[in-house]
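Report on one structure; see the data block that follows.
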């Protein structure tokens, strides 16, 4: 019997909130179990002067946590699912996908109520090529600039006047008790979310059946199905944050899964879009179907050259 279950987590405020949330849920589910946190700083947290797409992608946020799992210093790693590589190494397993928080993007600004209210030349910060693509497509008059750092760092840059507004994930602000900073929730018909946005993924060693059993009650089947379809789109189109890609799936009232995706050139705002309906119990083929549609519409020709 494991004396204490150790959760590996990044040390940013949002990552710690997520790990503490999982810790508290596990303590409720398994009374008497000792569940503790192992805070770590990852390469993704350390490199703040360059875009993630230039230095190795979002996988930089989980590598050190996976090393802790492999070395036995931790049993569980908690991630924002959108940071988890689309293809895990075979020695690791995504043991649980938790129920999603709000998956949408939001508009944050001390000066303006909405994107529509911003005059030409206003500076909008985003850390995402996907959001840059959507902005250029819908609001070409705006000046879009990169911003890195955790939620608090980006908000401080906004408040210091470096930007007129930021686009951020609504889930992160809500989890940190910062929902009052949100001026506008952006509808998915205009700003389609990233694969996995708003969901938490729990990773374990594939060989650690005890850890997998511990976190199994945290699984949310609908979120697993939706995010599996979304992640299939990303994986089949290259699976990295260098691809300006949006993919979002929802369970319809009739029980089927609707998957929507967009991909394009973040420098020009040109994009193509596709959607399909499929069975909740078989999400991967739905992702493949949408990717085939995107390719027929010229998605691969639209993607910008690296660099």
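Any chance you could count how many residues in the range 207-236 are crowded, with 17+ Cβ neighbours inside 10 Å, within 30 Å of residue 33 (Cβ to Cβ) and touching a strand residue (DSSP E or B) at 6+ places or on another chain (Cβ under 7 Å)?
Residues flagged as crowded, with 17+ Cβ neighbours inside 10 Å, within 30 Å of residue 33 (Cβ to Cβ) and touching a strand residue (DSSP E or B) at 6+ places or on another chain (Cβ under 7 Å) within the range 207-236 amount to 10.
Does residue 246 fit the bill of being closer than 15 Å to residue 302 by Cα, in contact with a helix residue (DSSP H, G or I) (Cβ under 9 Å, 6 or more places away or on another chain) and in a strand (DSSP E or B)? Explain how you work it out, then say what you get.
Details: closer than 15 Å to residue 302 by Cα: yes; in contact with a helix residue (DSSP H, G or I) (Cβ under 9 Å, 6 or more places away or on another chain): yes; in a strand (DSSP E or B): yes.
So residue 246 fits the description; yes.
Counting just the residues of the range 277-307 that are assigned to a loop (DSSP other than H, G, I, E, B) and in contact with a strand residue (DSSP E or B) (Cβ under 8 Å, 6 or more places away or on another chain), which one comes out farthest from residue 259 (Cα to Cα)? Working first, answer last.
Here is the first cut: in the range 277-307, the ones assigned to a loop (DSSP other than H, G, I, E, B) are 279-282, 297-298, 303-307.
When the remaining residues are screened for being in contact with a strand residue (DSSP E or B) (Cβ under 8 Å, 6 or more places away or on another chain), the result is 279-280, 297-298, 303.
On the way: 279: 11, 280: 10, 297: 17, 298: 19, 303: 21 Å.
Going through the qualifying residues, I end up with 303.
Of all the strands (runs of 3 or more DSSP E) wholly in the range 101-195, which have at least 2 residues that are within 21 Å of the chain's Cα centre (by Cα) and within 25 Å of residue 86 (Cβ to Cβ)? Give the steps one after another, and end with the answer.
Working: elements: 105-108, 123-126, 143-146, 165-169, 182-185.
Qualifying strands (runs of 3 or more DSSP E): 105-108, 165-169.
Select from the range 61-84 the residues that are assigned to a loop (DSSP other than H, G, I, E, B) and surrounded by 20 or more Cβ atoms within 10 Å (Cβ to Cβ) and list them in ascending order.
Pass one, the range 61-84, residues assigned to a loop (DSSP other than H, G, I, E, B): 62, 71-75, 84.
Those that are assigned to a loop (DSSP other than H, G, I, E, B) and surrounded by 20 or more Cβ atoms within 10 Å (Cβ to Cβ): 62, 74, 75, 84.
Can you tell me how many residues within the range 237-250 are modelled with pLDDT of 95 or more and surrounded by fewer than 22 Cβ atoms within 10 Å (Cβ to Cβ)?
Residues meeting the conditions: 1.
So which of 109, 127, 80 ends up being over 30 Å from residue 39 (Cα atoms) and touching a residue at least 60 places away in the same chain (Cβ under 8 Å)?
On the way: 127 fails: over 30 Å from residue 39 (Cα atoms); 80 fails: over 30 Å from residue 39 (Cα atoms).
Step by step, each of 109, 127, 80 is checked, and only 109 is over 30 Å from residue 39 (Cα atoms) and touching a residue at least 60 places away in the same chain (Cβ under 8 Å).
For the range 290-300, which positions are within 22 Å of the chain's Cα centre (by Cα) and either within 25 Å of residue 224 (Cα to Cα) or free of Cβ contacts under 8 Å to residues at least 60 places away in the same chain (or both)? Steps first, please.
Let us first name the residues in the range 290-300 that are within 22 Å of the chain's Cα centre (by Cα), namely 290-291, 294, 299.
Within the range 290-300, 290, 291, 294 meet the criteria.
Quick one: residue 49 ticks every box in (1) outside any loop (DSSP other than H, G, I, E, B); (2) at pLDDT below 90 bar one, so which box is it?
With respect to (1) outside any loop (DSSP other than H, G, I, E, B); (2) at pLDDT below 90, residue 49 is out only on (1).
Mind checking whether some residue in the range 267-287 is under 27 Å from residue 140 (Cα atoms), surrounded by 23 or more Cβ atoms within 10 Å (Cβ to Cβ) and at pLDDT below 95?
No: zero hits.
With the structure loaded, tell me whether residue 229 is in a helix (DSSP H, G or I), without any contact (Cβ under 8 Å) to a residue 24 or more places away in the chain and closer than 30 Å to residue 69 by Cα or whether it fails that test. So that I can check it myself, show each step before the final result.
On the way: in a helix (DSSP H, G or I): yes; without any contact (Cβ under 8 Å) to a residue 24 or more places away in the chain: no; closer than 30 Å to residue 69 by Cα: yes.
No; evaluated as a whole, the condition is false for this residue.
Here's a check for you: in the range 1-15, which residue that is closer than 14 Å to residue 76 by Cα and touching a strand residue (DSSP E or B) at 6+ places or on another chain (Cβ under 6 Å) is surrounded by the most Cβ atoms within 10 Å (Cβ to Cβ)?
Within the range 1-15, the match that is surrounded by the most Cβ atoms within 10 Å (Cβ to Cβ) is 9.
Name the residue that is surrounded by the fewest Cβ atoms within 10 Å (Cβ to Cβ), counting only residues in the range 161-206 that are closer than 19 Å to residue 150 by Cβ and free of Cβ contacts under 8 Å to residues at least 12 places away in the same chain.
The residue in question is 180.
Conditions: (1) at pLDDT 95 or above; (2) in contact with a helix residue (DSSP H, G or I) (Cβ under 8 Å, 6 or more places away or on another chain); (3) buried (at least 22 other Cβ atoms within 10 Å of the Cβ). Residue 104 meets all but one. Number of the miss?
Going through the list (1) at pLDDT 95 or above; (2) in contact with a helix residue (DSSP H, G or I) (Cβ under 8 Å, 6 or more places away or on another chain); (3) buried (at least 22 other Cβ atoms within 10 Å of the Cβ), residue 104 breaks only (3).
The values are calculated or read from the model by the stated rules, or taken from the named source; none is laboratory data. Being a predicted model, the structure only gives us computed values, none of them experimental. In this analysis, Cβ positions are derived from the backbone assuming ideal geometry, glycine residues included, and neighbour counts consider all displayed protein chains.
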